Amino acid sequence: MQSIPANGYAIHFGDTAYDLLNAHIAAQHYSSIFILADTQSNEYCVPRLLPLMAVDIPIEIVEFESGESAKTIDTCVQLWTLLTELGADRKSLILNVGGGVVTDLGGFVASTFKRGIDFIHIPTTLLAMVDASVGGKNGVDLGHLKNQIGVIRTPQMVLIDTQFLETLPQNEMRSGLAEMLKHGLIFDKDYWAQFLDLQAVDFADFDALVWRSIEIKNQIVMQDPTENGIRKALNFGHTLGHAIESYFLESPDKTTLLHGEAIAAGMVLEAFLSREKNLVTPQEYAQIKYVLTDIFGKLDFAETDLEPIIALLVHDKKNEYGHIQFALLDGIGKIKTNQSSDNELIRLAFADYKS
């Protein structure tokens, strides 16, 4: 499958990607290689990677706990300390092997260690492949607030090997599907249409769907690497979705959500806002709501949940000059950025979501 050129790096696919990885390592004369992996990816994915690395450079595996709760500055301090103790230097290379937490956190650790060393993303979940590993965003959460601390710095390459997906449970695959659906909604109506009947999707050609999703995100990022314009389109579903995700993470009586589960709910809610602003038709909204709730079901929101979720919106990193910013659909396949909404309309969106 053809590589996708990005801003200063490339996204490579399949077995060819390992040849290019080995060639890059040889050409750069790295002093050492560190594989950053969480407990899950170290157990299930690193054993597939190691035999495919034809290098004679020392390799150290650095493991940390799985889950969003590990995506903190405290974990970074532990990893920076461990890298120092293991002798990492400016010519070391970090391979981030895992899901979105690993690529986000690992990219941030590499970008800040000794003012920045090279890193490569090897995403092992669908979500990380089509979203987190592409675009150069690296960072950690601040308490329960998502992605508040970070930098934009691109990897040397991204390696996409969909065989890693064979290790994923169904809910993790579904989580990644949310971002693929988003890419269709904001950029490619025909791509969205391929998922209208999930039973009819040809998963024998799933690699092509993954490739197209990555291509869409990359096309947007290439136009606006630092998110001053069109890249804001990728935030559709994320303003409310991140608030929901943070709220469920911090609430002891709520089950922690996977990222895609929260974003799916956020997309339904923000599609409602789009309808109320006459940006999508009632028929388009009905289709979006049906498809997303059919795949993901509906989250259980009590009336007492709404105000804390709305209060979290003020911390969204996309806000400007104290105003909450939404990227809303302008018809299926197009987007309108820098949109606002009052709290009453947001409450109506939740009421409609539950109906």
Exercise. Where the eigenvalues come from the Cα gyration tensor of segment 113-186, what are the semi-axes √(5λ) of the equivalent ellipsoid, largest first, in whole Å?
Worked result: 23, 17, 12
Exercise. In degrees between 0 and 90, to the nearest 10, how far off the longest principal axis of the chain does helix 303-312 point, with axes built from Cα atoms?
Worked result: 50 degrees
Exercise. Under a 1.4 Å probe, what is the accessible area of segment 25-161 per residue, stated in Å²?
Worked result: 38 Å²
Seminar exercise, completed: If unit charges are put on Cβ atoms (+1 for Lys and Arg, -1 for Asp and Glu) and the dipole of the chain is taken about its Cα centre, the option from Leu185, Val268, Leu49 lying farthest towards the positive end turns out to be Leu185
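Using the heavy atoms of the protein chains alone and a 1.4 angstrom probe, what is the accessible area of segment 266-320 per residue in square angstrom? Working shown, then result.
Details: 2470 Å² over 55 residues.
Accessible area per residue, segment 266-320: 45 Å².
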Problem set entry | Rounded tilt (10° steps) of 14-28 against the dominant C-alpha axis of the chain | 50 degrees
Exercise. What per residue convex hull volume, in Å³, do the alpha-carbon atoms of segment 192-340 yield?
Worked result: 126 Å³
Exercise. Relative to the longest principal axis of the chain, what angle (0 to 90°, nearest 10) does the C-alpha long axis of helix 206-223 take?
Worked result: 90 degrees
Exercise. Cα-Cα over 22 Å: which of Lys137/Lys254; Lys91/Lys114; Lys254/Lys298; Lys189/Lys336; Lys254/Lys277; Lys71/Lys336?
Worked result: Lys137/Lys254; Lys254/Lys277; Lys71/Lys336
Exercise. Between Rg and the Kirkwood Rh of segment 8-80, both from Cα atoms, what is the Rg to Rh ratio?
Worked result: 1.00
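Taking all protein chains in place and a 1.4 Å probe, what share, in percent, of the accessible surface of the chain do carbon and sulfur account for?
50 percent
The values are calculated or read from the model by the stated rules, or taken from the named source; none is laboratory data. Everything numeric in this text was worked out from a predicted model, so none of it was measured. So basically every Cβ, Gly included, is an ideal-geometry build from the backbone, and we count neighbours across all protein chains shown. Calculation scope for accessible area: heavy atoms of the full protein, side chains included, ligands and nucleic acids excluded. Shrake-Rupley method; radii C 1.70, N 1.55, O 1.52, S 1.80 Å.
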